[in-house]
1. For region 20-45, enumerate the residues that are among the charged types (D, E, K, R) and surrounded by fewer than 16 Cβ atoms within 10 Å (Cβ to Cβ).
2. Being within 22 Å of the chain's Cα centre (by Cα) and hydroxyl-bearing (Ser, Thr, Tyr) is the filter; apply it to region 59-89 and report the residue that is surrounded by the most Cβ atoms within 10 Å (Cβ to Cβ).
3. Within region 1-29, can you find the residues that are among the small types (Gly, Ala, Ser), modelled with pLDDT under 95 and in a loop (DSSP other than H, G, I, E, B)?
4. Anything in region 64-98 that is of a type in the set (A, V, I, L, M, F, W, C) and more than 8 Å from the ligand (Cβ to nearest atom)? List them, or say none.
5. If we only count helices (runs of 4 or more DSSP H) wholly inside region 30-108, which ones have 3 or more residues that are among the β-branched types (Val, Ile, Thr)?
Amino acid sequence: MSKGTTRKTTKSGEALQLKKLRESLSLSQQALSNLLGVSLQTIWRWENQEFEFNPKLLNLIPILHSEKVPDWCESTKKSRADVTTLLSHVKGCEQCQMVLFYLDLKTK
Ligand SMILES: [Zn+2]
């Protein structure tokens, strides 16, 4: 798929960001697919705008690349909140959303 006529304007920036991020971390598409646990074809499709991806991925990749995993924010860790409380908290908390995104990616 070439750049130009079929470009989906809303996602092209993100697809390019993904590719640049991957390259800046010196990851091949294969290495990134291993890191995320998705197929090589999926990576290709993300970068070529055939599949949309959650922009949170752009924040998750550097975390995983440094051999860490996303973690709940301090307030969630301290509060031992029940699910209902956690759900309402997560809506406004980027850090906790990242954990859920990671769990979702890894449990599919
Ligand atoms: Zn939080």
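The values are calculated or read from the model by the stated rules, or taken from the named source; none is laboratory data. Since this is a predicted model, take the numbers as computed values, not measurements. Using ideal geometry, Cβ is built from the backbone for each residue, glycine included, and neighbour counts are taken over all protein chains shown.
1. Of everything in region 20-45, those that are among the charged types (D, E, K, R) and surrounded by fewer than 16 Cβ atoms within 10 Å (Cβ to Cβ) turn out to be Lys20, Glu23.
2. Selected residue: Thr76.
3. Ser2, Gly4
4. Leu64, Val69, Ala81, Val83, Leu86, Leu87, Met98
5. 83-90
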